[in-house]
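Reviewing the structure listed below.
The values are calculated or read from the model by the stated rules, or taken from the named source; none is laboratory data. Here the structure is a predicted model, which is why all the values come from computation and not from measurement. With ideal geometry, Cβ positions are generated from the backbone for all residues, glycine too; neighbour counts draw on all protein chains shown. Accessible surface is based on the protein model in full, side chains and every heavy atom, while ligands, DNA and RNA are left aside. Shrake-Rupley method; radii C 1.70, N 1.55, O 1.52, S 1.80 Å.
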Amino acid sequence: MKPTVKVDIWSDIACPWCFVGKRRFEAAAAQFAETGGQVEVEYHSFELAPDTPVDFNGTEVDFLVRHKGMPAEQVTTMLGQMTELASAEGLAYDFDALQHTNTVKAHELLHHAKAKGRQLDMKERLLAAYFEEGRHVGRIDDLADLAAEIGLDRAEALEALKSGEFLPAVEADRDQAYDYGIAGVPFFVIDGKFGVSGAQEPAAFVEVLRKAAAAV
């Protein structure tokens, strides 16, 4: 068995299935570890709605009605179902408090955190802030606050976001997703060989991880 399986995950912050998929993959990684397997995880940027303004004027229902052209009643039902599904994974989604926004700066912050060795912690903090706490994850000052909350230097994070230092890295992730043919997220690339689309159940991830670990 290979000592470590590399897992590259394309994901957005404003993606309810991405947080669910994160929890399910984490459960799979824990099961994989019980048999001696190890994983190295790296997150990559993917923007589901790059044309969204930083300060969207409206609720999540309003956004989805406009973005997907769905009736408000259908959207409300869909969000209720998503909330119940997330709850089963231990997540407390609050779509009423959620502040829809552009996520490019959040992705830049993830690359900044990666450079500091804290990408996984930053990803968790951003998703929880967005879906569970009603925090704004599009404004630079708010993002710098979230960076500080996981122990990163706030001034350094603020400067990285203001300068756009990591925008090329976000764009490179976007280009790589296009090359892989990724059209939706979450999307998991296992050891550069196997692709898993969507927030699959843990058993599906475990199967692929074991397959990758056994591959020569």
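In the range 87-94, the count of residues that are without any contact (Cβ under 8 Å) to a residue 60 or more places away in the chain, buried (at least 19 other Cβ atoms within 10 Å of the Cβ) and either more than 20 Å from the chain's Cα centre (by Cα) or closer than 29 Å to residue 151 by Cβ (or both) is zero.
So, residue 74, is that one within 24 Å of residue 213 (Cα to Cα), among the polar types (S, T, N, Q) and out of contact with any strand residue (DSSP E or B) (no Cβ under 6 Å at 6 or more places or on another chain) or not? No.
Among all positions in the range 49-58, there is at least one residue which is touching a His at 6+ places or on another chain (Cβ under 8 Å), part of a loop (DSSP other than H, G, I, E, B) and aliphatic (A, V, I, L, M). Here is a check on your reading of the model: is residue 40 under 20 Å from residue 193 (Cα atoms) and of a type in the set (Asp, Glu)? It is true that residue 40 is under 20 Å from residue 193 (Cα atoms) and of a type in the set (Asp, Glu). Screening residue 158 with (1) within 22 Å of residue 124 (Cβ to Cβ); (2) under 19 Å from the mean Cα position of the chain (by Cα) gives one miss only, at (2). Starting from the range 158-171, take each residue that is in contact (Cβ under 8 Å) with a residue 40 or more places away in the chain and list its partners that are open to solvent by less than 80 Å² (accessible area, probe 1.4 Å) and of a type in the set (Lys, Arg), counting only C-beta distances under 8 angstrom and pairs at least six apart or across chains. Qualifying pairs under 8 Å: 161/105. For the range 170-216, filtering for residues that are in a helix (DSSP H, G or I) and either open to solvent by 30 Å² or more (accessible area, probe 1.4 Å) or touching a Phe, Trp or Tyr at 6+ places or on another chain (Cβ under 9 Å) (or both) leaves 23.
Would you be able to say whether some residue in the range 21-39 is of a type in the set (Val, Ile, Thr), open to solvent by less than 40 Å² (accessible area, probe 1.4 Å) and in contact (Cβ under 8 Å) with a residue 12 or more places away in the chain? Among the residues of the range 21-39, not one is of a type in the set (Val, Ile, Thr), open to solvent by less than 40 Å² (accessible area, probe 1.4 Å) and in contact (Cβ under 8 Å) with a residue 12 or more places away in the chain, which makes the answer no. Considering the range 40-55, the residues that are in contact with a strand residue (DSSP E or B) (Cβ under 9 Å, 6 or more places away or on another chain) and either basic (Lys, Arg) or farther than 17 Å from residue 19 by Cβ (or both) include one that is least open to solvent (accessible area, probe 1.4 Å), namely 42.
The residue that is least open to solvent (accessible area, probe 1.4 Å), counting only those in the range 157-169 that are farther than 15 Å from residue 13 by Cβ and not in a helix (DSSP H, G or I), is 164. Looking at the range 197-216, which of the residues that are of a type in the set (Val, Ile, Thr) and out of contact with any helix residue (DSSP H, G or I) (no Cβ under 6 Å at 6 or more places or on another chain) is nearest to residue 3 (Cα to Cα)? Selected residue: 216.
Residue check: residue 44 meets all listed conditions (1) in contact (Cβ under 8 Å) with a residue 12 or more places away in the chain; (2) in a loop (DSSP other than H, G, I, E, B) but one, namely (2). Residues of the range 103-156 that are part of a loop (DSSP other than H, G, I, E, B), closer than 18 Å to residue 170 by Cα and in contact (Cβ under 8 Å) with a residue 24 or more places away in the chain: 103, 116, 118, 137, 138, 139. Total residues in the range 106-137 satisfying the condition of being touching a Lys or Arg at 6+ places or on another chain (Cβ under 9 Å), farther than 16 Å from residue 9 by Cα and surrounded by fewer than 22 Cβ atoms within 10 Å (Cβ to Cβ): the figure is 2.
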